[in-house]
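Below is one structure, written out as structure tokens, with a few remarks after it.
A short reminder: the numbers here are calculations on the coordinates, not readings from a lab. Note that this is a predicted model, so its numbers are computed, not measured. We place every Cβ from the backbone using ideal geometry, glycine too, and count neighbours over all the protein chains shown.
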Amino acid sequence: MKPDGTDVHQHTHAKTVCTFASFSPDMKKITYRKVIDGPGMQWDLTLGERNSEVFVADADGSHEINVSRSAAYDGWPMWSPDGKTIAFSSNRSGPANVGQIYLVNADGSELRELTSGPRSFTQPSWSSDGKRIFLYENCETAQYEYGNITVIAFD
């Protein structure tokens, strides 16, 4: 939609939850989190009947592909400024309530882990030059959650 709230367009046509949308720099593609039917893991690694995945589609919602392909909770996708790579968070490495940042090519190839360790990383955002990724780094327990913004620089 336009900044004033007019000219609203629907991009996905699924009867499920689709969130965290991000347009490619050329506005021809969109990436988003989609909850699909089938076994999956929740953020706390308990098993569930639905699965959170990262998808890429044409801007009109056609030609949809699953680029994360994991029973883990995958979400918060964000395009790189050159439109070649998507950063997203996943808890596929565990432990419970801990996510790491992964990078994947827009066609779903070359999945690679960017962060690791005991802290959780979510909500990636690229710098406009593609040389840095800003992340929400947090610690989460049943009693509290605290965090800060972390920056990863690329050479």
Checklist outcome for this item: Listed by chain and number, the lysines with an alpha carbon less than 18 angstrom from that of Lys15, same-chain partners under 8 positions apart left out, are Lys34
Checklist entry - If you put +1 on each Lys and Arg Cβ and -1 on each Asp and Glu Cβ, how big is the dipole of the range 18-153 around its Cα centre, in Debye rounded to 20? => result 220
Checklist outcome for this item: Karplus-derived 3J(HN,Hα) from phi for the range 143-155 (6.51 cos²θ - 1.76 cosθ + 1.60, θ = phi - 60°), whole Hz, x at Gly and Pro, runs 9, 7, 9, 9, x, 7, 8, 10, 10, 10, 9, 10, 7
Checklist outcome for this item: Subtracting the Cα-Cα distance of Arg50 and Thr16 from 0.36 nm times their residue separation yields 11.2 nm
Next on the checklist: So if each residue of separation counts as 0.36 nm, and I subtract the Cα-Cα distance between Lys84 and Ser62, what length gain in nm does that give?
Outcome noted: 6.0 nm
Item to check | trypsin sites (Lys or Arg not before Pro) restricted to the range 13-67 and DSSP loop, no more than 10 other C-beta within 10 Å | outcome: Lys15
Item to check | When each of Lys28/Lys84; Lys2/Lys28; Lys29/Lys84; Lys84/Lys131 is checked by Cα-Cα distance, pairs over 19 Å | outcome: none
Checklist entry - Given DSSP loops and a limit of at most 14 other Cβ atoms within 10 Å, what is the longest stretch of the chain that contains no such chymotrypsin sites (Phe, Trp or Tyr not before Pro)? => result 1-143
Checklist outcome for this item: Which of Ser116, Ser52, Ser89 fluctuates most in a GNM of the chain (C-alpha springs under 10 Å)? That residue is Ser116
Next on the checklist: Give the residue list of GluC sites (Glu not before Pro) in the range 87-155 that are DSSP loop and have at most 15 other beta-carbon atoms within 10 angstrom.
Outcome noted: Glu110
Checklist outcome for this item: So for the chain, using the alpha carbon gyration tensor with a ≥ b ≥ c as root eigenvalues (a/c under 1.5 gives rounded; past that, a/b versus b/c decides prolate or oblate), I'd call it oblate
